[in-house]
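**Q** Right, I'll just put the structure down here and ask away after.
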Amino acid sequence: MTDRTRARTLARQSLDAGDAVGWFERLYSEAARGEALVPWADLAPNPRVVAWLDRARPTRGRVLDVGCGLGDTAEELARRGLTVVAVDVSPTAVAQARARFPSSRVDYRVLDLLRLPVELAGAFDLVVECYTLQVLPPDARADDGAALRRAVTPGGTLLVVARARESNEPEGQMPWPLTRSEIEAIADDTLRLATCDDFVDREQPPVRRFRATFRRDARS
């Protein structure tokens, strides 16, 4: 398992300073200099997303990849014929994604989801959020859930993948697992929870995860 010590230190320093996301750029910058590791940067498409894509088989439409990191999942989405906008708050991460895939069709952007431009609101048939909510403190997740909802077009889908825990289990250290109620809270009157897989993956040690899909009514 990847060492998370430095990432956890940076996260705590940033949170203590009242900044829930500032540590991402520090982590990617240090990793670019060979001074740290990005725990979730496996340099391969996320297998939890790939498994869902294999099952759902979307073949066209516009996709928003949230917290795209170094770009592997965004590139997999594009390989399947989807039009992809991939965003991350870290300029270093976005620059590295562009450098790794110089001929990419993906539109990589430095963007905080909470500052989603008007032209991107309700613009996506599929929004992919994988492992981002779990690296945000619980008190920051409600705003990000609302931002995710705003990005989904009528008739569209939101996919969320996150570590899972029971409500009576401790949050532990970053990454902070979500409870089922936190997953359900992403929904509202216009975006309903359609499916929620609760499973244990094959990592060593195994990790319990949620993989949830939400659907926006075509008339909303």
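Bear in mind these aren't lab numbers, they're just calculated from the coordinates by the rules spelled out. Please read these numbers as outputs of a predicted model, since none were measured by experiment. Reconstructed Cβ throughout: ideal geometry from the backbone, glycine too, with neighbour counts over all protein chains shown.
**Q** For a quick check of your reading of the filter: which GluC sites (Glu not before Pro) in the stretch 132-220 sit in a DSSP loop and have no more than 14 other Cβ atoms within 10 Å?
**A** Taking the stretch 132-220 and a limit of 14 other Cβ atoms within 10 Å, the loop GluC sites (Glu not before Pro) found are 166, 171, 203.
**Q** Moving to a separate point now. Can you compute 3J(HN,Hα) from phi for each residue in the stretch 203-212, using the Karplus curve 6.51 cos²θ - 1.76 cosθ + 1.60 with θ = phi - 60°, rounded to whole Hz and x for Gly and Pro?
**A** Values per residue, Gly and Pro as x: 5, 10, x, x, 10, 7, 9, 9, 10, 10 Hz.
**Q** Right, something else. So which trypsin sites (Lys or Arg not before Pro) in the stretch 171-205 end up in coil per DSSP with only 11 or fewer other C-beta atoms within 10 Å?
**A** 202
**Q** What are the residues whose amide H is under 5 Å from the amide H of residue 178, where those residues sit 5 or more places off or on another chain and H is modelled from the backbone?
**A** 163, 164, 165
**Q** Kindly provide the trypsin sites (Lys or Arg not before Pro) of the stretch 37-94 that DSSP labels as loop, not H, G, I, E or B, and whose Cβ sees at most 14 other Cβ atoms within 10 Å.
**A** Passing both the DSSP loop test and the Cβ count: 60.
**Q** I need the phi-derived Karplus couplings for the stretch 116-121: 6.51 cos²θ - 1.76 cosθ + 1.60, θ = phi - 60°, integer Hz, Gly and Pro marked x.
**A** Result, rounded to whole Hz: 4, x, 4, 5, 9, 5.
**Q** Restricting attention to the alpha-carbon atoms of the chain, what are Rg (one decimal) and Dmax (integer), both in Å?
**A** 16.4, 50
**Q** Give the share of C-alpha pairs in each 10 angstrom bin for the stretch 122-220, from 0 to the last occupied bin, in whole percents, shortest bins first.
**A** 16, 50, 27, 7, 0
**Q** Moving on. Between the stretch 79-141 and the stretch 11-40, what is the C-alpha centre distance in whole Å?
**A** Measuring centre to centre over Cα atoms gives 17 Å.
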